Amino acid sequence: MKVTIPRATMLKPLQMISGVVERRQTLPILSNVLVRVSEDQLSLTATDLEIELIGTVPLTEPATPGALTVSARKLLDICRALPEDAELQFILEGEHLMLRSGKSRFMLTTLPAQDFPNIEDSPFNTEFTLSQAHLKSLLTKTHFAMGQQDVRHYLNGAFIDIHQGTMKCVATDGHRLAYTIIQAESIPDKKTKIILPRKSVLELMRLLDADQEEDVKICIGEHHFRVVGPDFTFTSKLINAQYPDYEKLIPRTIENTAIASRESLKQALVRASILSNEKFRGIRFQLDRDLLRIVANNPEQEEAEELIHLEYEGNGMEIGFNVAYLLDVVSTIDSKDIRWSFSDPSGGVLIEPHEKGQSLYVVMPMRL
């Protein structure tokens with residue numbers, strides 16, 4: 001194998017796949033990247049056995065085909081440290097990869113390409129195209145509500161429900177729920193439900209470019225989910241479980257509604273959170289006619305109080321919340337005003353854009 005490539009061309013796919021490579025591995029080869037060279041293309045593959053990510057770049061100079069695996073971290077660190085206009089030359093010499101650039105020379109240990117694990121190919125039952133902006137928006141508006149290391153493993157991911165030209169994405173950790181929906185002519189009518197693991201969701205969000213006009217191809221099989229972009233192929237295993245009926249978590253009987261400025265509420269929550277309990281992050285919402293009082297306390301007997309004007313004509317009420325959960329929601333909604341709907345202090349609060357957008361959020365109260 002022999003190839004010459006500009007540093008900038010090599011660095012882009014190398015940074016793209018680096019998030020998949022696990023630092024702590026039981027199999028040494030999983031900390032490596034698979035480098036495969038054909039006559040006109042170079043591909044880099046990383047996997048953690050749950051996710052496989054392939055980044056590709058075209059070659060402008062003739063290359064000698066070949067394949068090897070080499071430490072992803074070391075290769076990335078070397079490329080970052082070289083000058084911006086550097087040219088890299090890779091030559092496989094026996095069991096070592098020789099990397100030359102200007103007056104620099106690096107000799108890296110390799111492992112055989114045939115030992116690199118592949119996520120087995122399985123048939124995809126559903127295939128369609130979608131804009132990168134649509135897919136990224138779907139994940140961005142819901143990802144923060146996914147569970148983290150929850151014993152209910154099906155909550156450690158995002159539920160995607162495809163049906164009749166719509167694509168819904170739901171995430172919940174039992175304390176809050178995020179729901180959003182998009183419609184596109186390219187989305188099939190065929191009913192498909194999957195649970196995409198947490199790490200896969202976060203990795204996809206990093207890969208997708210909301211400003212990129214090119215569509216991506218989405219392929220869904222019984223056990224795998226694949227996204228094919230202009231310069232990458234992302235494949236993930238799915239969580240094989242039944243997702244809970246999220247519709248039951250969305251309040252349907254609404255007795256009280258409040259409308260507040262999103263920016264005013266966000267700034268007040270940020271300030272109040274400074275003096276909230278660092279462990280439980282609890283704050284109090286005290287609602288009166290056209291007025292919201294936000295109160296935060298901590299064990300050091302310190303207190304923060306914020307007053308916000310809002311549209312509210314119901315009875316006085318006090319509700320406790322985890323301020324971090326509220327900030328996640330308020331930071332994600334992009335409308336000028338936010339609508340809060342609730343029935344009593346013990347039930348979940350429904351939070352939506354005032355203009356009735358494609359997303360809604362539910363935050364459960366906490367006892368203080």
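The values are calculated or read from the model by the stated rules, or taken from the named source; none is laboratory data. If you're wondering where the values come from, they're calculated on a predicted model, not measured in any experiment. Every residue, glycine among them, receives a Cβ derived from its backbone with ideal geometry; neighbour counts consider all protein chains shown. Surface areas here come from the heavy atoms of the whole protein model, side chains and all, with no ligands, DNA or RNA. Shrake-Rupley method; radii C 1.70, N 1.55, O 1.52, S 1.80 Å.
Of the numbered criteria (1) in contact (Cβ under 8 Å) with a residue 60 or more places away in the chain; (2) in contact with a helix residue (DSSP H, G or I) (Cβ under 8 Å, 6 or more places away or on another chain); (3) among the aliphatic types (A, V, I, L, M), the one VAL349 fails is (2). In the stretch 326-346, the residue that is surrounded by the most Cβ atoms within 10 Å (Cβ to Cβ) out of those that are in contact with a helix residue (DSSP H, G or I) (Cβ under 9 Å, 6 or more places away or on another chain) and hydroxyl-bearing (Ser, Thr, Tyr) is THR332.
Checked against the criteria, VAL323 does not count as under 26 Å from the mean Cα position of the chain (by Cα), crowded, with 16+ Cβ neighbours inside 10 Å, of a type in the set (A, V, I, L, M) and within 22 Å of GLU255 (Cβ to Cβ). Restricting the stretch 1-19 to residues that are within 14 Å of LEU75 (Cβ to Cβ) and touching a helix residue (DSSP H, G or I) at 6+ places or on another chain (Cβ under 9 Å) leaves a set whose member that is surrounded by the fewest Cβ atoms within 10 Å (Cβ to Cβ) is GLN15. HIS96 passes every criterion in (1) open to solvent by less than 20 Å² (accessible area, probe 1.4 Å); (2) under 28 Å from THR26 (Cα atoms); (3) more than 26 Å from the chain's Cα centre (by Cα) apart from (1). For first residues located in the stretch 204-231 and without any contact (Cβ under 8 Å) to a residue 24 or more places away in the chain, partners that are open to solvent by 60 Å² or more (accessible area, probe 1.4 Å) and not acidic (Asp, Glu) and lie 6+ apart or on another chain with Cβ distances below 6 Å form the pairs VAL228/LYS217. Within the set VAL21, VAL3, the sole residue that is of a type in the set (Val, Ile, Thr), over 22 Å from the mean Cα position of the chain (by Cα) and either more than 24 Å from ASP121 (Cα to Cα) or in a loop (DSSP other than H, G, I, E, B) (or both) turns out to be VAL3.
Checked against the criteria, ALA171 counts as free of Cβ contacts under 8 Å to residues at least 40 places away in the same chain, open to solvent by less than 30 Å² (accessible area, probe 1.4 Å) and under 16 Å from the mean Cα position of the chain (by Cα). Can you name every residue in the stretch 32-57 that is within 22 Å of the chain's Cα centre (by Cα) and either on the phi > 0 side of the Ramachandran plot or not in a strand (DSSP E or B) (or both)? Across the stretch 32-57, the qualifying residues are ASP48, LEU49, GLU50. Among the residues of the stretch 99-137, the ones that are open to solvent by less than 30 Å² (accessible area, probe 1.4 Å), among the hydrophobic types (A, V, I, L, M, F, W, C) and closer than 26 Å to GLU22 by Cβ come to 6 in all.
Applying the criterion of being more than 16 Å from VAL363 (Cα to Cα) and open to solvent by less than 10 Å² (accessible area, probe 1.4 Å) to the residues of the stretch 309-320, the residue that is nearest to the chain's Cα centre (by Cα) is LEU310. Of all the residues in the stretch 335-351, those that are of a type in the set (Phe, Trp, Tyr) and outside any strand (DSSP E or B) number 0. Within the stretch 283-307, the set of residues being of a type outside the set (A, V, I, L, M, F, W, C) and part of a strand (DSSP E or B) comprises ARG284, GLN286, ASP288, ARG293, ASN297, GLU303, GLU305, GLU306.
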